[in-house]
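Input: a single structure, listed below in structure tokens.
The values are calculated or read from the model by the stated rules, or taken from the named source; none is laboratory data. Quick caveat, the model's predicted, so the values are computed rather than measured. A quick note on method: Cβ atoms are made from the backbone with ideal geometry, for glycine too, and the neighbour counts reach across all protein chains shown.
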Amino acid sequence: MHQATFGFLYKFRELQKTDLVNCSVNLEAKLTHGETKDIDGYMLAEELQSLSSIIPEAIHNNPVKLLKFLTINKRYNDFPNTHIAL
């Protein structure tokens, strides 16, 4: 279950844009209860694409390190959907 839902966060840099959007929208659906959404899947895909160019190579396949990177560098407000998804 975890891999099917969150597994793309380990390899988002390798995904084609359409696959990244589909995975992100699927995660949005899993994190939605009634009318309340924890994330916006389309914005998550955009954030992950932007992050691809700024994160160090050593952390791109490690969601825990990516979360630490966002937190230590105070970038969680710049990437709110990513911060929640991680």
Checklist outcome for this item: Exception for Ala85 within (1) at pLDDT 95 or above; (2) in contact with a Lys or Arg (Cβ under 7 Å, 6 or more places away or on another chain) falls at (2)
Checklist entry - Considering region 1-38 alone, what residues qualify as being in contact with a Gly (Cβ under 9 Å, 6 or more places away or on another chain) and exposed (fewer than 15 other Cβ atoms within 10 Å of the Cβ)? => result Asn26, Ala29
Checklist entry - Filtering region 51-62 down to residues that are free of Cβ contacts under 8 Å to residues at least 40 places away in the same chain and not in a helix (DSSP H, G or I), which residue is farthest from the chain's Cα centre (by Cα)? => result Pro56
Checklist entry - How about region 41-70: which of its residues are in contact with a His (Cβ under 8 Å, 6 or more places away or on another chain) and surrounded by fewer than 18 Cβ atoms within 10 Å (Cβ to Cβ)? => result Ser52, Leu67
Checklist outcome for this item: Across (1) assigned to a helix (DSSP H, G or I); (2) within 11 Å of the chain's Cα centre (by Cα), Ile39 clears everything bar (1)
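I'd like the full set of residues that are over 13 Å from Phe8 (Cβ atoms) and outside any loop (DSSP other than H, G, I, E, B), limited to region 68-86. Spell out how you get there, then give the answer.
As a first pass, look at region 68-86 and keep what is over 13 Å from Phe8 (Cβ atoms): 68-81, 83-84.
Answer for region 68-86, where residues must be over 13 Å from Phe8 (Cβ atoms) and outside any loop (DSSP other than H, G, I, E, B): Lys68, Phe69, Leu70, Thr71, Ile72, Pro80, Asn81, His83, Ile84.
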Next on the checklist: Suppose the filter is among the charged types (D, E, K, R) and part of a loop (DSSP other than H, G, I, E, B); does Lys65 pass it?
Outcome noted: no
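Taking Ala45 as the residue in question, decide whether it is under 12 Å from the mean Cα position of the chain (by Cα) and part of a helix (DSSP H, G or I).
Details: under 12 Å from the mean Cα position of the chain (by Cα): yes; part of a helix (DSSP H, G or I): yes.
Yes, satisfied.
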